[in-house]
Each structure stands twice: as C-alpha cells, then as structure tokens.
1. Being crowded, with 21+ Cβ neighbours inside 10 Å, touching a residue at least 60 places away in the same chain (Cβ under 8 Å) and either out of contact with any Gly (no Cβ under 6 Å at 6 or more places or on another chain) or of a type in the set (S, T, N, Q) (or both) is the requirement here; does G173 meet it?
2. Go through region 146-168 and give me each residue that's in contact with a helix residue (DSSP H, G or I) (Cβ under 8 Å, 6 or more places away or on another chain) and at pLDDT below 95.
3. In region 203-230, how many are within 17 Å of D68 (Cβ to Cβ) and of a type in the set (V, I, T)?
4. Among strands (runs of 3 or more DSSP E) lying entirely in region 20-130, which contain 2 or more residues that are on the phi < 0 side of the Ramachandran plot and modelled with pLDDT of 95 or more?
5. What number of residues within region 115-134 satisfy the criterion of being without any contact (Cβ under 8 Å) to a residue 24 or more places away in the chain and either more than 28 Å from T154 (Cβ to Cβ) or surrounded by 16 or more Cβ atoms within 10 Å (Cβ to Cβ) (or both)?
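The values are calculated or read from the model by the stated rules, or taken from the named source; none is laboratory data. All values reported here derive from a predicted model rather than from experimental measurement. Reconstructed Cβ throughout: ideal geometry from the backbone, glycine too, with neighbour counts over all protein chains shown.
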Amino acid sequence: MKKIILTTAAVMFAAYLWGQDEGSSETKSGKIIFEEKVKIEISVDGDAALADLLPKERKSEKELLFRDGCTLFRESLNNGDDMTMEHSDGVRIRMVGSGQNAVYTDVENRKVTEKRDFMNRIFIVERDLPATKWKITGNNREVLGYNCLEALSTDTAGRVTRVWFAPEFGAKGGPSVLSDLPGMVLEADVNDGRLTYTAKAVEPLSKEEMKMEKPSDGKKVTEDEYASIVSEKMKEMGLEEGSSGGGSQIRIVIKR
C-alpha cells in the first residue's frame, strides 16, 4: 500500500490564492475547470463506412463553483458551437451540448437541485443527494498538486464508478452528483470510460460567480415525471436513451 504524503507546495499555493490563515491547507471557495468526455454510440443501417466517419466521443468543458458548503456544476462559457456533420447522400447529424444544464448541491444538507435542458424546455428537479457506498482502495495519485485517494462504487446494474478525491482540499464536492466523499473529486470514470471528468485547473471565483444561486427558472417536476417526459419524446424520435450513471448516453440508429 502506498503512503499518503501531504505536499507543502499544494498547501502554500491554496493559501496564496484564497487568503487562508498561514499554514492552512484548506481551499474554501473557488472554481474547478473540468474536461468532460462522453462516448457516443451511433450505428447506420447498411452503411458501415458512414458509421466509421462519425465521432466516437464528445469533449466539453465544465466548471464546478464551490463555497459555503455548496457547489454548482455547469456548462462552461468557453465551449464552442454545436457540431454538425453532413454525408454525401444527404444524411445530416447535429451534435448538441448540454445547454443550460446545471447541478446545485447543498453538500452539508445532502440536497440536489438540477436544471435540465431537454428539447429546448427547462425543467427543475429537486431531490436528495444519492447515497453511494464507496470503497476507498488505499491507492493514491497527485492531481493538480493535490494528493488524491481512489474510491470505487458499483450500482445495482453492475456499473462501476472510479473517482480520485482530495481530502486535503478543504471543501467537499465533485462533478455532477459525485459529492458524498470526504474531499473534492478531481477525476472520475463512470461505467468503464463511457463518461469521464478530469480537473484541469483551480481558479478563484469572480465577483459575479460568488453569488452562485440555486437554479429556479424552469418547470418543477419530480424525477419520475421527468423520466416519463424524456422517454416519450425519445420514442417519438426513434432514439434510445440509456443511463451511464451520473450522466446520460444516447445511442442513435440512423435507418436508410
């Protein structure tokens, strides 16, 4: 088993950026920039060549704001336009981002408020923070100068989530709803790489970002009501949606 060594460099860096007391290793507020990668599964009936040309994953930038025991995970303003691809025989595919999606988590009180952008309709879903059974393996690695521990969880469908979290960070949280570990999640791999998050930078909050308000502008629905809305619409469009745990994966079949 590897030993955990706290680096004085990470301690001094955090104290410098956020003005903590001398000698403190805690980062109480700030913003983490994440790269999100989602695998895409697309099949084209009768045209394997076209299927090979289509993208196999989508990368985007996310940001996690944190302060006062709460986090806000949302789309970054730095993301580019939607991706559109056209084939010679007229097939046109448009890949869109997650739009206005946001996850606000009251970590201390274990409450989650999600803003979900689906087919240009905005929904607000409020629920408890999911209870996850984690196994801390004892493995460790350094991420952005923070010593991180590895933790694993397996859901009822057998899908594994692997995260690396930093106990020394001083704030608890993580991308999406990965917020129930004793530290900050800086890397995550959900369902064998189908969805991954990797922290790229830690920055201070701007004056505007300090507000970090809970999402409220949308139609309030329950989790079951939202699932029913999505299921009906996907069936209408001939698409299949499957959960990848902590995010959605869409399998698209293009018929000739």
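1. For G173, the condition - crowded, with 21+ Cβ neighbours inside 10 Å, touching a residue at least 60 places away in the same chain (Cβ under 8 Å) and either out of contact with any Gly (no Cβ under 6 Å at 6 or more places or on another chain) or of a type in the set (S, T, N, Q) (or both) - is met.
2. The one that is in contact with a helix residue (DSSP H, G or I) (Cβ under 8 Å, 6 or more places away or on another chain) and at pLDDT below 95: E168.
3. Here the count works out to 0.
4. 30-39, 57-67, 70-75, 102-106, 111-118, 121-128
5. Within region 115-134, residues that are without any contact (Cβ under 8 Å) to a residue 24 or more places away in the chain and either more than 28 Å from T154 (Cβ to Cβ) or surrounded by 16 or more Cβ atoms within 10 Å (Cβ to Cβ) (or both) number 2.
Residue-by-condition table, conditions (1) within 20 Å of E108 (Cβ to Cβ); (2) without any contact (Cβ under 8 Å) to a residue 24 or more places away in the chain; (3) small (G, A, S):
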{"residue": "V160", "(1), (2), (3)": "no, no, no"}
{"residue": "F165", "(1), (2), (3)": "yes, yes, no"}
{"residue": "V177", "(1), (2), (3)": "yes, no, no"}
{"residue": "G193", "(1), (2), (3)": "no, no, yes"}
{"residue": "A201", "(1), (2), (3)": "no, no, yes"}
{"residue": "E208", "(1), (2), (3)": "no, yes, no"}
